[in-house]
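Novice: Submitted below is the structure of interest, expressed as structure tokens.
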Amino acid sequence: MTAPTFRGMDLDPNLLSTDVEESLRAGVRELLADKSDPATVLSRIEADPYDRGLWKTLADLGATSLPVPEDLGGQGAGWREAAVVAEELGRSVTPAPFLSSAVLATAALLELDDDNARAALGRIASGESVIVLAVPLSSFTVAIDGPLAGIVRSVADAGVADQFLVPADGALYLVDAAEVAPVVSLDLTRPVGDVTFDGTGTRLSGDARSAVDSALRAGAAMLAAEQVGIADWCLTTTVAYLKQRYQFGRQVGGFQAIKHRLADLWQSIALARAAALNAADALATGQDVAVAVAVAQSLCSTVAVKAAEEAVQLHGGIGMTWEHPVHLFLKRAKADELALGTPGRHRAALAALVDLPG
């Protein structure tokens, strides 16, 4: 098959979704539409945002164990497939410990040559346990030489964790119990908590620094995919609304100024999707990972926020109410903009990686 071209330029076929990825996308989207559509999320967000039955179903489908080798109970797929799940979870703003457990903790554990780490991967893969990497959600880099006893603030999904993977004393520790204090957060769909550890845990062998760095890179790449899902829902829902909304006897979506805004947003999302897929592909191949992730995060964060802001504004009065779920997407987009490094920090990192003077 000849690679497609655009204006005489060869397109990398790795940036085109495969049939397997599209099949996975359809299956996850159908499940979330049935069990975790935005209206359903909104109805339970102030009580108990997590649907543990949905998480178990995702695990049974293999959606939470895609990069885990088959001999450890996973699917033996890769980060591209995981990015598909992240995008669909973003599209429905599903409260689930996917980023914290199936991405961050999994990526760190995959780097360790340790029997306890392999057993922990198996528990994550099967849905038996939610194991959370105990780092602040806003982390861009993480120190690993602090004491095991102490507080780690703003840990995502800490409230549903069965175990914690804790960087301390130059190693990674698997900790069974900790005290979690919920923290009031802008984004109710990804609760965070301050976690207090008492200094006891199982030390895991392996290069902890490399494991944590790999986890943060994988997390940033999957977060970019999630942000694409957020932006895509915002655009799709806004277009549908503007087609049925009339003002001054005309369809609102028919105004030229509105068309231009939507076209610009569509173009931005298409570019963000390519950057996010490139980052996931880089993780899968191990080529130019740091550069691809920095590009994706610096772009996708901004696009998701812009799409959510446009969605709120173009929905008019209903967009400003609690009853419409669009505010969940704006809050998730704003929180994601700060998670695992702001766009500015990723651009600064990118400049250093490509030797671009400040």
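The values are calculated or read from the model by the stated rules, or taken from the named source; none is laboratory data. Only a predicted model underlies this, so the values are computations on that prediction, with no experimental measurement involved. Please note: Cβ atoms are built from the backbone with ideal geometry, for glycine as well, and neighbour counts cover all protein chains shown. The area values use the complete protein model at the heavy-atom level, side chains included, leaving out ligands, DNA and RNA. Shrake-Rupley method; radii C 1.70, N 1.55, O 1.52, S 1.80 Å.
Novice: For the chain, give the magnitude of the charge dipole about the Cα centre (Cβ charges: +1 Lys/Arg, -1 Asp/Glu; no others), in debye to the nearest 20.
Specialist: In debye, rounded to 20, the chain gives about 1520.
Novice: Right, next: Calculate how steeply helix 326-338 sits against the longest principal axis of the alpha-carbon atoms of the chain, using the helix alpha-carbon long axis, and give the answer as 0 to 90 degrees to the nearest 10.
Specialist: Roughly 50 degrees between the two axes.
Novice: Report, to the nearest whole %, how much of the accessible area of the stretch 235-358 belongs to carbon and sulfur atoms, 1.4 Å probe, protein only.
Specialist: It is 59 percent, rounded to a whole number.
Novice: Still on this structure, I have one more. Helix 19-35: angle to the longest alpha-carbon principal axis of the chain, degrees 0 to 90, nearest 10?
Specialist: 80
Novice: Please name whichever of 108, 63, 90 sits farthest to the positive end of the charge dipole of the stretch 14-152, dipole taken about the Cα centre and charges placed at Cβ: Lys and Arg +1, Asp and Glu -1.
Specialist: Sorting the options by dipole projection puts first 90.
Novice: Local charge sum around residue 145 (other residues, Cβ-Cβ under 15 Å, Lys/Arg +1, Asp/Glu -1)?
Specialist: -1
Novice: Around residue 325, what is the net charge, scoring Lys/Arg as +1 and Asp/Glu as -1 over all other residues with Cβ under 14 Å from its Cβ?
Specialist: Working: positive: 44, 91, 331, 332; negative: 37, 46, 187, 323.
For residues surrounding residue 325, the net value is 0.
Novice: Consider all pairwise Cα distances in the stretch 31-147 and report the whole-number % of them above 19 Å.
Specialist: Every Cα pair in the stretch 31-147 considered, those over 19 Å come to 48 percent.
Novice: Can you give the helix-only mean residue ellipticity at 222 nm for the chain, where every DSSP H stretch with n ≥ 4 adds -39500 (n - 2.57) and the sum goes over all residues, rounded to the nearest 500 deg cm²/dmol?
Specialist: Values: 11 runs with 181 residues, N = 358.
My calculation for the chain gives -17000 deg cm²/dmol from helical runs alone.
Novice: With charges only on Cβ, +1 for K and R and -1 for D and E, what is the dipole size of the stretch 63-214 about its Cα centre, in debye, rounded to 20?
Specialist: Here the stretch 63-214 has a charge dipole of around 340 debye.
Novice: Once you mark the GluC sites (Glu not before Pro) that are in a DSSP loop and have at most 10 other Cβ atoms within 10 Å, what is the longest gap between them in the chain?
Specialist: The longest such stretch corresponds to 47-322.
Novice: Can you tell which of 45, 170, 220 lies farthest toward the positive end of the dipole of the chain, using +1 and -1 charges on the Cβ of basic and acidic side chains (Lys, Arg; Asp, Glu)?
Specialist: My answer, from the dipole projection, is 45.
Novice: Set Lys and Arg Cβ to +1 and Asp and Glu Cβ to -1, take the dipole of the chain about its Cα centre, and tell me which of 134, 349, 33 lies farthest positive.
Specialist: Going by the Cα projections, it comes out as 33.
Novice: With every protein chain kept in the model, how would you rank 264, 37, 288 by accessible area, 1.4 Å probe, largest at the top?
Specialist: Ranking 264, 37, 288 by accessible area, largest first, yields 288, 264, 37.
Novice: With Cβ to Cβ distances under 13 Å as the rule, what net charge do the other residues near residue 210 carry (K, R +1; D, E -1)?
Specialist: Values: positive: 209, 217; negative: 111, 113, 207, 213.
Charge balance near residue 210 sits at -2.
Novice: Report the percentage of all Cα-Cα pairs in the stretch 232-358 whose separation exceeds 22 Å, rounded to a whole percent.
Specialist: Counting pairs separated by more than 22 Å, the tail of P(r) holds 45 percent.
Novice: Using only the alpha-carbon atoms, how far is helix 208-244 inclined from the longest principal axis of the chain? Give it as 0 to 90 degrees, nearest 10.
Specialist: Helix 208-244 sits at roughly 20 degrees to that axis.
Novice: Viscosity 0.692 mPa s, temperature 37 °C: what is the translational diffusion coefficient of the chain from Stokes-Einstein with a Kirkwood Rh over Cα pairs, rounded to a whole number of µm²/s?
Specialist: Translational diffusion coefficient: 158 µm²/s.
Novice: Given a 1.4 Å probe, how much area per residue of the chain is accessible, in Å²?
Specialist: 45
Novice: Need the list of lysines near residue 259 for cross-linking: C-alpha distance under 21 angstrom, and skip anything on the same chain fewer than eight residues off.
Specialist: 243, 306
Novice: Which value, in debye to the nearest 20, gives the size of the charge dipole of the stretch 42-93 about its Cα centre, when Lys and Arg are +1 and Asp and Glu are -1 at the Cβ?
Specialist: Taking the Cα centre of the stretch 42-93 as origin, the dipole is about 100 debye.
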